[in-house]
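Presented below is the structure to which this report refers.
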Amino acid sequence: MAGASGSKPATIRDVAALAGVSTATVSRALRGGARVEPATRERVLVAARELRYRPSGVARSLKLRSTRTLGLIVTDIENPYFPQVIRAVEDAARARGYSVVLADGRRDPEREIQSLELLAEREVDGLLIASSALTERHRSWIDERPCPVVVMNSTSEVTDVPSVASDNHAGGRLGCEHLLALGHRRLAFIATPASSNLAVDERLEGVRGAMAAVGLDPEGLAVVNGDGGVGGGEHAAREVLGSRPETTALICYNDLTAVGALRGARALGRSVPHDLSVIGFDDIELAPYVDPPLTTLRQDTDAMGDWAVSTLLGLIAEDAVGPEEAADGTTPLQRIPVELVERNSTAAAPERVDW
């Protein structure tokens, strides 16, 4: 049994499983939180004694005082979308009298753990995680989190940790509907490897839904992977236009991919938007300044940051690690609407394609 002499120490998840409650309830019960029923608290205490569970010293120290500081970790700070997220979080936090400590995981699992531990050592009152990959890689750390956590820009991979993300499905549909209204029927989608980003699947599903709604076969959509950056977008555009030259529109996973696609199209002699339309997703600050200015789906980072900070402060005020699990075991999720921003990279489909 976990926690027995010579075996691996028991974790908060072990206690939760034995007591039949969530990890958030275990944490509240062990801290004496008022929102835990006496019978539930006793069940948790019995399970903790049986497993010889010892709460994390870091977790205990975090509850001794408030620092009025929030931690924010991102894993792709080189993507210009994330500075917009950072600014939104800082604005929302400052408006409520909190400061923000930033950590960059740089998509390195070891560095991500170091960043998580660093923020814990700084005794932040709560933690915001702007990354889906991080929550997948370090689920066990977040399960035993020493402070309240909210996930941004993704759905949470941890039960009872709330999250906020753009309505990626609606965004994909909206972008495709824009192109369909312009007469495009030969479409391609530039993605990233689906295993690394759930938003890819959601946006792609929205595109396919829009195609099906007008009687097009969704399986006729060409899908090629980039890497989420400019170089990957350029390579993917060259690949799909080389293998399917009849393509008249590219729907790109994000704006950096779209900027690369513009380069790839130009290298093949395609004029945007006369020969080929290109649409992105994010509306980064660079989007209006590329040639041609980029049509894109704008994510409302201000609304995302405000919801995330407000929710996190609510958890801190409740002295809880997270809200109770829903009856069906799902995770609280807030979807933020996206907006189509029309610029000059999209236009009516060409009457014929000579390639």
Worksheet item: Looking only at region 223-246, which residues are touching a Ser or Thr at 6+ places or on another chain (Cβ under 7 Å) and open to solvent by 70 Å² or more (accessible area, probe 1.4 Å)?
Response: ASN225, ASP227
Worksheet item: helices (runs of 4 or more DSSP H) wholly in region 1-73 with at least 2 residues that are modelled with pLDDT under 70 - which ones?
Response: 23-31, 57-62
Fill in: Which numbered condition CYS147 fails, given (1) touching a Gly at 6+ places or on another chain (Cβ under 7 Å); (2) hydrophobic (A, V, I, L, M, F, W, C); (3) open to solvent by 10 Å² or more (accessible area, probe 1.4 Å); (4) not in a helix (DSSP H, G or I)
(3)
Response to the item:
The correct count of residues that are under 23 Å from the mean Cα position of the chain (by Cα), at pLDDT below 95, open to solvent by 80 Å² or more (accessible area, probe 1.4 Å) and not acidic (Asp, Glu) in region 326-355 is 0
Worksheet item: Taking strands (runs of 3 or more DSSP E) that fall entirely within region 161-278, which contain at least 2 residues that are within 22 Å of VAL290 (Cα to Cα) and out of contact with any Gly (no Cβ under 6 Å at 6 or more places or on another chain)?
Response: 187-191, 249-252
Practice prompt. Identify the single condition in (1) more than 13 Å from ILE251 (Cα to Cα); (2) out of contact with any Lys or Arg (no Cβ under 7 Å at 6 or more places or on another chain); (3) not hydroxyl-bearing (Ser, Thr, Tyr) that ALA165 does not satisfy, given that it satisfies every other one.
Written response: (2)
Fill in: Unique match (being at pLDDT 95 or above and open to solvent by 30 Å² or more (accessible area, probe 1.4 Å)) among PRO288, PRO323
PRO288
Discussion item. I'd like the full set of residues that are touching a helix residue (DSSP H, G or I) at 6+ places or on another chain (Cβ under 9 Å) and either open to solvent by less than 70 Å² (accessible area, probe 1.4 Å) or in a helix (DSSP H, G or I) (or both), limited to region 83-96.
Written reply: GLN84, VAL85, ILE86, ARG87, ALA88, VAL89, GLU90, ASP91, ALA92, ALA93, ALA95
Item to complete: Consider only pairs whose beta carbons are under 8 Å apart and that are at least six residues apart or on different chains; among these, list those whose first residue lies in region 215-226 and is under 13 Å from ALA249 (Cα atoms) and modelled with pLDDT of 95 or more and whose second residue is open to solvent by 70 Å² or more (accessible area, probe 1.4 Å) and not basic (Lys, Arg).
Response: ALA222/SER243
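The values are calculated or read from the model by the stated rules, or taken from the named source; none is laboratory data. What you see is a predicted model, and the numbers here were worked out from it, not measured in a lab. Neighbour counts are summed over all protein chains in view; Cβ atoms, including those assigned to glycine, are modelled from backbone coordinates with ideal geometry. The protein model used for the area step is the full one, side chains on, heavy atoms only, and it has no ligands, DNA or RNA in it. Shrake-Rupley method; radii C 1.70, N 1.55, O 1.52, S 1.80 Å.
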